[in-house]
Amino acid sequence: MAAASVSPSPYSTTTIPTQNPPFSRKTTGFLHLRQCSIYYNGFKARSRSLHVVSATTEKANALPLNETVSPATASKVKRHTISVFVGDESGIINRIAGVFARRGYNIESLAVGLNKDKAIFTIVVSGTEMILRQVVEQLNKLVNVIKVEDISKEPHVERELMLIKLHADADTRAEVMWLVDIFRAKIVDTSEQFLTIEVTGDPGKMAAVQRNLSKFGIKELARTGKGDVYPVEPYDDFPINQVLDAHWGVLFDEDSSGLQSHTLSMVVNDTPGVLNVVTGVISRRGYNIQSLAVGPAERDELSRITTVVPGTNETIGKLVQQLQKLVDLYEVQDMTHLPFAERELMLVKVAVNTAARRDVLDIASIFRAKAVDVSDHTITLELTGDLNKMVALQRLLEPYGICEVTRTGRVALVRESGVDSTSLRGYSLPF
């Protein structure tokens, strides 16, 4: 055993007994961290090569610690769809977003279906299977989380909703209308220079629509995350699961206290943790988010967050001022007192036999809902519209037995036509 003298450094000035060749304290510390990284949880580093360099060791004493990992054993980064069923409470969205933000995950899309005491999240993120399993374990540890599941490998129906506002003058409007017909989209607002289009479908269809319409000039784009529903395998004893009911805690505009639902639209940088920061500002002030939709905006590096928050005009005005101080936020707009087009997407799976299927399809046709999946015992419907339309359809289908419900949050864009459609409704839906 020889004694090695360590050169003066901010880390050590002592003499350490060691084996040849000598290493400084900092070098040995790095070696220890490297070994922990390699053998942590019995996982031998497969994800990337490790290169360790000591800042206080001379070049002659540095160890060659490069390790190469064969492509066959490397973990692949894949897109995962995670379903989270929770008991709704103030701040639950912020806590769930924080689990992803602390691990550096950027949520690609998020759909949140809320009622007064339950909520279902559909989250899309990219990562390795091992890390995603750890995230699922962390989510399961949160208070009021009922069930967390990675449904990426399960067969399921998936749909997204997109509102897209684009330039369409007299010369190009005919071609735009032709594309709208091809993609089975709908016109929800029109003015002399702009068209606002609603389209639903899987992520591939959303990308195709955006790519074909981009040449006309996209002014604004609001897109929800995915909503997912499992298909049901046929079996004899078919259970009816507990689902989100139709009582979604809607606030009436004629509330004497001045409290009403405010629709906020925010454009933010598409960076990891930005959703956690935004929801943190809202939850720290005691607001309970009624609806939340997160998806890509009109530019690749931006995302649009559309949320519904209850409050008075004064309190929401102060909240907007706090949001404007965020570094990653480009703009925030309270659209409550402006004419705007709003849409939500709902997938509902109904338990029906052959005899009752015709009745369910007749009800669906009245609401312009579409059947997207059918089995011997169930039928899955897709519906877009405002909240009142969602509630009305769900209540009519309840006697047949609803197995599952998932819905996105609200997306909204200001109407260029200036027409306020709420004033055109004769009577509000009785709750």
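Observations, loosely collected:
- Taking amide H atoms as placed 1.01 Å from N in the peptide plane, the amide H of Thr336 lies under 5 Å from those of Thr263, each 5 or more residues away in sequence or on another chain.
- Table column - 3J(HN,Hα) (Hz), the range 197-213, Karplus curve with 6.51, -1.76, 1.60, x for Gly and Pro: 10, 10, 9, 10, x, 7, x, x, 5, 4, 5, 5, 4, 5, 5, 6, 8
- Likely footprinting exposure, Glu198, Glu160, fewest C-beta neighbours within 10 Å first: Glu198, Glu160
- Phi angles across the range 403-416 convert, under the Karplus curve 6.51 cos²θ - 1.76 cosθ + 1.60 with θ = phi - 60°, into 3J(HN,Hα) values of 7, 8, 9, 9, 9, 8, x, 7, 10, 8, 9, 5, 6, 5 Hz, Gly and Pro given as x.
- Among Leu383, Ile363, Leu329 - extreme Cα towards positive end, dipole of the range 311-431, charges at beta-carbon: Ile363
- Efficiency of FRET between Asp362 and Met177 - r from beta-carbon atoms, R0 25 angstrom, step 0.05: 0.25
- Rounded if a/c under 1.5, otherwise prolate or oblate - the range 119-182, Cα gyration tensor axes: prolate
- Span from the the range 270-339 Cα centroid across to the the range 341-408 one, whole angstrom: 30 Å
- Packing rank of 356-368, 388-400, where each peptide gets the mean count of other beta carbons within 10 Å, highest leading: 388-400, 356-368
- Formal net charge of residues neighbouring Pro272 (Cβ-Cβ distance under 10 Å; K, R +1; D, E -1): +1
- Long-range HN-HN contacts of Ala168 with modeled amide H, under 5 Å: Phe194, Leu195
- Packing-based exposure ordering (other Cβ within 10 Å, fewest first) of Met335, Met206: Met335, Met206
- From the alpha carbon centroid of the range 162-220 to that of the range 89-155 is 32 Å.
A short reminder: the numbers here are calculations on the coordinates, not readings from a lab. Everything quoted here is computed from the prediction, not taken from an experiment. Positions of Cβ are generated from backbone atoms using ideal geometry, with glycine treated the same way; all protein chains shown enter the neighbour counts.
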